[in-house]
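What follows is one structure encoded as structure tokens, with my remarks underneath.
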Amino acid sequence: MHYVSHVPSRLRKYEFIDALRGYAILGVLMIHSAQFVRPNHAFLRSAMDKGSLGVQLFYIASALTLCLSWRFRSSQEGHPTRDFYIRRFFRIAPMFYLAIMLYVILNGFAPSYWAPNGIKWWFVVLTACFMHGFNPETIDSVVPGGWSIAVEMSFYVVFPLLMTYIKSIKSAIVFLALSLVIWQLSILIYQQIYANHYPADQQYLVSSFLFQNFFGQLPVFAIGILACFIFENRTALKSRVIILDGAFAVLCLIQLIAMRTRWPTYFMSNYIVVSGMFALFALNLAIFPVKVLVNRFIALIGEISFSMYLVHIAVIYLLTNIGLTALFKRGDLSAALFYLSVVAVGALISHFTFAQIESRGIALGKRIIKKYDPRSQPNSP
């Protein structure tokens, strides 16, 4: 007999999840700002480059939030699947469509790193339909960082089906194992499809696509779903997290002892393993939400993190064009100051876009759901 998680009695918003989103966006901004003003110290360069893993932290927070929300809403709403899709579309689309227009105006259709053959009109159409995640040239070419939005929306498509079958820790573990198999199969299949399609100097598109596509990120979402079911069993949560913390400590010890061998370094730096660490971090914050890590500031950053994700490259363009990057010569202090400038300006702009675009889109989605499903709950994660 295995434990089946209880359905929550009420839908609530968790500050620690907003904090996770806050840390995620601060990481993403870190790597992109460091690409314009590089630190000198190797450790700082490596730490800032690791900010790219903020995307995986976003996915953990997303899967955890949606799983908790679904398990409540599906028992309360008359049409939970339809309401879910409406809610998700109006949460993402308004700000994303603004980003499409913004970057088409800024970058045009000329060749770029992620579109070495230029941006075709249908790249924009696919991006607007959230279908840009299935081609190496469209996945990240129209909106910088848009690959993660394609992955997120693909997850939304299959999420209600997944929740039909995943109802316990055991089934979540089975899905995680299955997602790892799918991930490896996708690498083989996509290599066969695309490897011969691009010349040698464009093979980076294929290698990046193998990581960026939905199937490459599916295990990360599976880890987030598993974290949800661990979190829901509050009576056993603390003891389970302590056991997992102990297992993580053992892995860290193995890493330290065998640092000179190749496999542990690769193992501990693999983004799926790191995603497991993020999930454990999330569970620890849920149990021990210390103010240093979970506070109003980082939660506020988390609330506007989607806007910050979409506008921060434009912010970097702006700061570069007004000559700010010229003031920051290569160096550790310069890199830190430029990063803080990107965070500050990005947060200021995102506070406005969240209030005027995101919030209005969310409200519109709620009104549509309420019109066709009076049983729906007003609060949305």
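When a 1.4 Å probe is rolled over the protein heavy atoms, the share of accessible surface on region 24-104 that falls to carbon and sulfur comes to 67 percent. Extension gain, LEU300 to LEU364, is 20.8 nm, computed as 0.36 nm per intervening residue step minus the present C-alpha separation.
Each peptide among 93-103, 75-85, 190-200, 50-60 gets the average number of other Cβ atoms lying within 10 Å of its residues, and from highest to lowest they stand as 50-60, 93-103, 75-85, 190-200.
For region 355-370, backbone phi angles converted through the Karplus equation (6.51, -1.76, 1.60; θ = phi - 60°) give residue-by-residue couplings of 6, 8, 10, 4, 4, 5, x, 4, 5, 5, x, 4, 5, 5, 4, 4 Hz, Gly and Pro being listed as x. In the full protein context, the chain carries 48 Å² of accessible surface per residue, based on a 1.4 Å probe and ignoring ligands, DNA and RNA. For the chain, CYS129, CYS252 stand unpaired, since no other cysteine beta carbon lies under 4.7 Å from theirs. Highest-first packing order for the peptide set 124-131, 301-308 is 301-308, 124-131, based on the mean count of other beta carbon atoms within 10 Å. Sequentially through region 86-91, phi angles give Karplus couplings (6.51, -1.76, 1.60; θ = phi - 60°) of 5, 4, 5, 4, 6, 6 Hz, Gly and Pro residues having no value and appearing as x.
For GLY145, no residue whose modelled amide H falls within less than 5 Å of its own remains once neighbours fewer than 5 places apart on the same chain are excluded.
Where Rh denotes the Kirkwood radius from the mean inverse Cα pair distance, what is Rg over Rh for region 216-337?
Rg/Rh for region 216-337 comes to 1.07.
Charge dipole of the chain (Cα centre as origin; +1 on each Lys and Arg Cβ, -1 on each Asp and Glu Cβ, all else neutral): 960 debye, rounded to the nearest 20.
The values are calculated or read from the model by the stated rules, or taken from the named source; none is laboratory data. Keep in mind that this is a model prediction, so the values were computed, not measured. Cβ sites come from the backbone with ideal geometry, for glycine too, and all protein chains shown count toward neighbours. Accessible surface is based on the protein model in full, side chains and every heavy atom, while ligands, DNA and RNA are left aside. Shrake-Rupley method; radii C 1.70, N 1.55, O 1.52, S 1.80 Å.
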